[in-house]
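Peer 1: One structure, pasted below without further comment.
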Amino acid sequence: MPLTSKPSYQPIVRSLCLNSNRILRERFCHSTHGELFGVQVQYKHLIELLKRTAIHGESNSVLIIGPRGSGKTMLINHALKELMEIEVSENVLQVHLNGLLHINDKIALKEITRQLYLENVVGDKVFGSFAENLSFLLEALKKGDRTHSCPVIFVLDEFDLFAHHKNQTLLYNLFDISQSAQTPLAVIGLTCRLDILELLEKRVKSRFSHRQIHLMNSFGFPQFIKIFKEQLSLPAEFPDKVFAEKWNENVQCLSEDRSVHEVLQKHFNVNKNLRSLHMLLMVALSRITVSRPYLTSADLMEAHQLCSMDSKANIVHGLSVLEICLIIAMKHLNDIYEEEPFNFQMVYNEFQKFVQRKAHSVYNFEKPVVMKAFEHLQQLELIKPMERTSVNSQKEYQLMKLLLDNTQIMNALQKYPNCPTDVRQWATSSLSWL
């Protein structure tokens, strides 16, 4: 008998659906579950470095470099979690800073003071310099016998943004302390810029250890399928063992399904980072209902369509016929002049040629109306000016560039509701037809 056949089962199934949804959503949003994929060597390097700081009081600095979504934050979080489980972890302090939030050294120092719980110690003291203030904070963390200090781990997310701070004072002082025999300090920077060392001043660069850990998603498609299965499976400690078993069996069947393989292969070819996979699974998961408590291949296919939807092509669906005609005129100009910039007058002349040939199907709009439609396309960022507009320049002759390619235009026209046949034919016409 199906799980949802009797009305009395409805509340139970609803509870199970909500429970499984909550667990999986938490996993997709916070990456709280699962092993690290394809970065075991980098993880080993990082955890050894952190242990040397926490256990042996050795100062270190390292940069973790990789594209967005490659798992930099997940890597450091896993390493810190493991570090906190060892005996000496009670004395290890952590400071997390983000370049997007802590936009200058004053804000960063205030946040360091807060995270080290030293607001009361600092009180109303006035310091002559940033270095003096930071040294005082670290001195306050000394143990009672004043010979040993608490190890401090600094994690600087968006590390490249700290390089834009005035004189790079924060980075200079952190790296300076990590090079000296003062407080045991580990400075870990996370960035997606490969040229990060070029942004550092000479005095900062000379104090950095030049250790770098590079994260590149090196796993193949078979492992991507394995990750997909592992991320969707419910844990063994799920309250209802029968539901969890059926769910996991369904996930196993999905991982062997041909249509699911095709969806995942397309996704893998475009973007194989785990963040985009989590987004795909999150959208698929939102389609689960009480009457359909298990994922299907159709859910994943629809989720993939939503995730890979072209935002610019979607904007084209909402344009007027006049605006569509202007885009087609720009497309033809691009074909004729090989992607050279165009201006409004050229587009208007092209549109007029079409109107004269097909006067029975397209209304001949006045020039100011066509100009208004042209400006609307610019507001929607479907076209952009090649240079900044000056007060004296005429709008009609300002050079523009189309931000849609031919494929996007043709795909959008296929789905455009009630598009006149002549307009569609004009879009597909060859240059000789002109």
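The values are calculated or read from the model by the stated rules, or taken from the named source; none is laboratory data. Given the structure is predicted, the values throughout are model-derived calculations rather than measurements. Glycine also receives a Cβ, built like all others from the backbone with ideal geometry; neighbour counts cover every protein chain displayed. When the accessible area is computed, the model is the full protein with side chains, heavy atoms only, and any ligands, DNA or RNA have been set aside. Shrake-Rupley method; radii C 1.70, N 1.55, O 1.52, S 1.80 Å.
Peer 1: State, to one decimal in nm², a quarter of the convex hull surface area for the C-alpha atoms of the chain, i.e. the direction-averaged projected area.
Peer 2: 32.2
Peer 1: What is the calculated FRET efficiency for residue 18 to residue 269, with r their C-beta to C-beta distance and R₀ = 51 Å, to the nearest 0.05?
Peer 2: For residue 18 and residue 269, the calculated efficiency is 0.90.
Peer 1: Here is a follow-up. I need the phi-derived Karplus couplings for region 162-171: 6.51 cos²θ - 1.76 cosθ + 1.60, θ = phi - 60°, integer Hz, Gly and Pro marked x.
Peer 2: Values, residue by residue: 5, 5, 8, 5, 4, 6, 6, 4, 4, 4 Hz.
Peer 1: Something else: Show that you can apply the helix-only estimate: for the chain, add -39,500 (n - 2.57) for every DSSP H stretch of four or more residues, divide by all residues, and state [θ] at 222 nm to the nearest 500.
Peer 2: Computed mean residue ellipticity for the chain: -16500 deg cm²/dmol.
Peer 1: Return the FRET efficiency for the residue pair residue 139, residue 164: r is the Cβ-Cβ distance, R0 is 30 Å, and the value is rounded to the nearest 0.05.
Peer 2: 0.55
Peer 1: Accessible area per residue of region 301-422 at 1.4 Å probe, in Å²?
Peer 2: 58
Peer 1: Please state the charge dipole magnitude for region 254-326, taken about the Cα centre, from unit charges on C-beta atoms (+1 on K and R, -1 on D and E), reported in debye and rounded to the nearest 20.
Peer 2: 180
Peer 1: I'd like the Karplus ³J(HN,Hα) series for region 276-290: coefficients 6.51, -1.76, 1.60, θ = phi - 60°, whole numbers in Hz, and an x wherever there's a Gly or Pro.
Peer 2: 5, 5, 4, 5, 4, 5, 5, 5, 5, 5, 5, 8, 6, 10, 5
Peer 1: Kindly rank 48-61, 230-243 from highest to lowest mean number of other beta carbons found within 10 Å of each residue.
Peer 2: Highest-to-lowest ranking by the protection proxy: 48-61, 230-243.
Peer 1: Ignoring ligands, DNA and RNA, what percent of the accessible area of the chain is carbon or sulfur (1.4 Å)?
Peer 2: 52
Peer 1: What's the long-distance tail for region 166-317, i.e. % of Cα pairs beyond 26 Å?
Peer 2: Cα-Cα pairs in region 166-317 separated by more than 26 Å: 51 percent.
Peer 1: Let me ask you something else. For the residue pair residue 52 and residue 218, what label-to-label distance in nm results when each label sits 7 Å from Cα along the Cα-to-beta-carbon direction?
Peer 2: My value for the distance between the label points is 2.1 nm.
Peer 1: Could you provide, to the nearest whole Å², the per residue accessible area of region 168-246 with probe 1.4 Å?
Peer 2: Averaged over the residues of region 168-246, the accessible area is 46 Å².
Peer 1: Here's another thing I want to ask about it. Can you list residues from other chains, or at least 5 along the same chain, whose modelled amide H is less than 5 Å from the amide H of residue 95?
Peer 2: Residues meeting the amide H criterion: 153, 154, 155.
Peer 1: Label residue 292 and residue 349 with points 7 Å out from Cα along Cα→Cβ: what is the distance between them in nm?
Peer 2: For residue 292 paired with residue 349, the spin-label model returns 5.5 nm.
Peer 1: Largest first, what is the accessible-area ranking of 68, 388 with a 1.4 Å probe?
Peer 2: 388, 68
Peer 1: Skipping prolines and chain starts, which residues have an amide H placed within reach, meaning under 5 Å, of the one on residue 63, given they are 5 or more residues away or on another chain?
Peer 2: 189, 211, 212, 213
Peer 1: What FRET efficiency do you get for residue 246 and residue 308 if R0 is 30 Å and r is their Cβ-Cβ distance, rounded to the nearest 0.05?
Peer 2: 0.50
Peer 1: Just to be sure I follow: if Rg is taken over the C-alpha atoms of region 260-412 and Rh is the Kirkwood radius over the same atoms, what is Rg/Rh?
Peer 2: Result: Rg/Rh = 1.13.
Peer 1: Add +1 for every Lys or Arg and -1 for every Asp or Glu among the other residues with Cβ under 12 Å from the Cβ of residue 172, and state the total.
Peer 2: Every neighbour counted, the sum reads +2.
Peer 1: Same structure, new question: What aspartates and glutamates does residue 246 reach when the alpha-carbon gap must be under 17 Å and sequence neighbours fewer than 8 apart in one chain are set aside?
Peer 2: Straight-line reach from residue 246, under 17 Å: 230, 237, 256, 257.
Peer 1: Give a residue-ordered list of calculated ³J(HN,Hα) values for region 318-324 (Karplus: 6.51 cos²θ - 1.76 cosθ + 1.60, θ = phi - 60°; whole Hz; x for Gly, Pro).
Peer 2: Along region 318-324, the couplings run x, 7, 6, 4, 4, 5, 4 Hz.
Peer 1: Ratio of region 361-426's C-alpha Rg to 2.2 N^0.38 Å, to two decimals?
Peer 2: Dividing the Cα Rg of region 361-426 by 2.2 N^0.38 Å gives 1.33.
Peer 1: Take residue 179 and residue 315, extend 7 Å from each Cα along the Cα→Cβ direction, and tell me the distance between the two endpoints in nm.
Peer 2: Here the answer is 4.8 nm between the modelled labels.
Peer 1: Which Cα, out of 191, 162, 231, lies furthest along the positive dipole direction of region 134-250 (beta carbon charges, K/R +1, D/E -1)?
Peer 2: Most positive-ward Cα: 162.
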